[in-house]
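Input: a single structure, listed below in structure tokens.
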Amino acid sequence: MKNITLILFILPLFGLTQGGIFTYEEFVKIVRLHHPIAYQSGLQLEKGKAYLMKAKGGFDPKLDAGIDQKYFKDNMYFSHLNSKLKVPTWFGITAQAGYDNNEGVYLNPEFNSPNNGLFNAGLSITLGKGLFIDERRAELKQAKIYLNSSALEQKIILNRLIFNASVTYWKWKSTYLKLQVYREAIVNAEVRLGGVKQSVVFGDKPAIDTVEAKIILQNRQLNYYQAEFDFNSMRQKMNVYLWQAGFIPLELDSLSIPNLEMTYDQDLGFFNDSLIENHPEVLLYQNKIEIQKIDNRLQKESLKPTLNLSYDFINEPIENNPFVDANLNNYKWGATFSYPLFIRKERANIRLSEIKLKEIGANNELKKASIKYKVQAIDGNIKNLANQLKVANETIVNYNQLFISENTLFEIGESSVFMINYRESAYIKSQLKAVEIYEKLLSNTQEFKYQLFTE
């Protein structure tokens with residue numbers, strides 16, 4: 001990626017480099033690996049996997065077994081022993097097998113079974129409502145989409161974290177650059193005050209110039225202390241993003257500093273519609289649309305009548321073999337049918353589902369437009385700020401030349417403390433202005449990456 005480098009005319013702050021230069025790349029790496037929010041973003045994917053497992057559980061085989069007995073006055077009135085295994089399938093057919101053994105003095109005749117009990121095996125088939133889709137199949141389809149959405153949500157959370165952390169880093173760097181400007185100003189003011197005192201001793205300048213030079217130094221010191229406070233405050237905000245493995249908070253060393261080079265990414269790539277179509281937030285809306293379509297299809301299925309058929313082959317097991325003397329004429333079957341006459345509830349649910357689908361679709365289009373126009377505005381702002389920074393750095397050079405010339409005149413006695421302070425103040429303001437523009441440029445560049453997920 002192409003970089004543009006611009007450097008302020010400022011002196012290094014001797015002694016503060018002992019903590020080493022803490023680069024943006026090192027900072028972001030720590031945030032990605034160890035920040036609690038980065039960890040939470042990974043949990044989104046785990047949550048999606050859990051929902052998918054839960055939906056698949058709707059097709060797990062199910063074993064039911066039970067015994068019900070009654071004893072009274074030394075008589076066993078009845079004993080019901082029932083067990084059944086059901087294996088649901090994707091196509092609305094449930095395979096089932098079971099074993100019943102009923103006995104007792106007062107057993108209901110319909111529950112009579114041979115001494116060895118009865119084995120049964122068969123199918124239960126849905127022919128009406130639920131033939132093509134039911135709640136289990138809908139939930140599984142939606143869970144698969146939700147898993148993909150979880151991965152997108154993970155990217156969105158992590159992207160937002162990196163954006164907020166990056167903006168904090170750029171502000172930290174900005175406060176350090178301003179601190180450097182005021183540090184240089186203090187050095188210049190101290191040198192000037194010493195020269196004025198010497199000139200007063202030799203009678204070259206009036207004593208009042210010493211007071212004026214002293215006031216200038218004090219003003220520079222006040223500005224420096226405020227800049228130092230701002231820098232330390234931003235260091236504390238940086239600590240919010242610094243963590244070690246195991247959720248152990250870290251603190252940025254007070255001697256750690258950013259580098260002095262004012263660099264920024266010039267080549268951010270080309271913006272096109274495909275970036276919007278593949279934008280995670282847009283894809284998230286498209287997943288919501290697909291999930292809602294499944295729900296809509298499920299609601300339309302409710303317009304069909306409920307018609308369920310079941311068939312079970314039955315036989316008495318002999319020596320634990322259920323197929324000895326098997327006869328297809330031994331069976332039991334059943335059918336159930338139901339249908340609401342006015343289907344008002346079903347039609348209302350379909351209507352509500354269709355309305356929700358349209359709402360999601362409208363929000364999706366709004367999100368696309370919002371991303372597009374926001375990115376275009378940021379792109380224009382970046383170009384404008386880049387031009388401003390270029391002019392601002394040229395202005396720094398010009399003000400520096402004026403300041404150097406005025407300082408030369410001051411040293412040979414042809415200028416005043418007032419004039420050299422005027423030149424220096426303009427020089428300082430030009431540097432601070434460049435730093436402010438630089439911070440805005442970095443923040444807008446970061447937002448461009450944030451909006452398009454290109455970080």
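Among the residues of the stretch 258-284, just one is out of contact with any helix residue (DSSP H, G or I) (no Cβ under 9 Å at 6 or more places or on another chain), in contact (Cβ under 8 Å) with a residue 12 or more places away in the chain and under 30 Å from Lys367 (Cβ atoms), namely Asp267. Out of Asn259, Asn232, Asn223, Asn219, one residue alone is out of contact with any Lys or Arg (no Cβ under 6 Å at 6 or more places or on another chain) and part of a loop (DSSP other than H, G, I, E, B). It is Asn259.
Looking at this structure, is Val181 of a type in the set (Val, Ile, Thr), part of a helix (DSSP H, G or I) and more than 30 Å from Ser443 (Cα to Cα)? The answer is no for Val181. So which pairs qualify, if the first residue must be in the stretch 202-222 and at negative phi and of a type in the set (Gly, Ala, Ser), the second must be part of a helix (DSSP H, G or I) and surrounded by 12 or more Cβ atoms within 10 Å (Cβ to Cβ), the Cβ gap must be under 6 Å, and the two must be at least 6 apart or on different chains? If the second residue must be part of a helix (DSSP H, G or I) and surrounded by 12 or more Cβ atoms within 10 Å (Cβ to Cβ), the pairs left are Ala207/Val200; Ala213/Arg192; Ala213/Leu193; Ala213/Val196; Ala213/Val417. Among the numbered conditions (1) among the small types (Gly, Ala, Ser); (2) surrounded by 13 or more Cβ atoms within 10 Å (Cβ to Cβ); (3) at pLDDT 90 or above, the only one that Ala65 does not meet is (2).
Within the stretch 386-414, being within 28 Å of Glu261 (Cβ to Cβ), of a type in the set (Val, Ile, Thr) and either without any contact (Cβ under 8 Å) to a residue 24 or more places away in the chain or surrounded by 19 or more Cβ atoms within 10 Å (Cβ to Cβ) (or both) holds for Val391, Ile396, Ile404.
Figure legend. Inter-residue proximity from the stretch 112-126: first residues under 11 Å from Lys332 (Cβ atoms), second residues surrounded by fewer than 17 Cβ atoms within 10 Å (Cβ to Cβ) and aromatic (Phe, Trp, Tyr), beta-carbon distance below 7 Å, spacing 6+ or different chains. Indicated pairs: Gly122/Tyr311.
Screening the stretch 227-257 for residues that are more than 31 Å from the chain's Cα centre (by Cα) and in contact (Cβ under 8 Å) with a residue 24 or more places away in the chain and picking the one that is surrounded by the fewest Cβ atoms within 10 Å (Cβ to Cβ) gives Leu255.
Just one of the listed residues (Tyr99, Tyr39, Tyr106) is farther than 24 Å from Leu131 by Cα and part of a strand (DSSP E or B), and it is Tyr99.
Within the bounds of the stretch 302-310, is there any residue that is aliphatic (A, V, I, L, M), closer than 18 Å to Gly117 by Cα and either in a strand (DSSP E or B) or more than 49 Å from the chain's Cα centre (by Cα) (or both)? Scanning the stretch 302-310, I find no residue that is aliphatic (A, V, I, L, M), closer than 18 Å to Gly117 by Cα and either in a strand (DSSP E or B) or more than 49 Å from the chain's Cα centre (by Cα) (or both), so the answer is no. Scanning the stretch 262-284 for residues that are assigned to a loop (DSSP other than H, G, I, E, B), loosely packed, with under 12 Cβ neighbours inside 10 Å and more than 21 Å from the chain's Cα centre (by Cα) yields a count of 3. Pick from the stretch 154-180 the residues that are surrounded by fewer than 20 Cβ atoms within 10 Å (Cβ to Cβ) and charged (D, E, K, R): which of them is farthest from Glu277 (Cα to Cα)? Among those that are surrounded by fewer than 20 Cβ atoms within 10 Å (Cβ to Cβ) and charged (D, E, K, R), it is Lys171. Within the stretch 125-171, being among the hydroxyl-bearing types (Ser, Thr, Tyr) and either part of a loop (DSSP other than H, G, I, E, B) or touching a Pro at 6+ places or on another chain (Cβ under 9 Å) (or both) holds for one residue alone: Tyr169. Here Phe342, Phe337, Phe323 are screened, and the one residue that is farther than 23 Å from Phe119 by Cβ and in a loop (DSSP other than H, G, I, E, B) is Phe342. The set of residues in the stretch 189-241 being touching a Phe, Trp or Tyr at 6+ places or on another chain (Cβ under 7 Å) and among the basic types (Lys, Arg) consists of Arg220, Arg235. Looking across the stretch 322-356, the residues that are within 18 Å of Lys304 (Cβ to Cβ), surrounded by 11 or more Cβ atoms within 10 Å (Cβ to Cβ) and without any contact (Cβ under 8 Å) to a residue 12 or more places away in the chain come down to Pro340, Ala348, Arg351.
The values are calculated or read from the model by the stated rules, or taken from the named source; none is laboratory data. This is a predicted model, so every value here is computed, not measured. Neighbour counts are summed over all protein chains in view; Cβ atoms, including those assigned to glycine, are modelled from backbone coordinates with ideal geometry.
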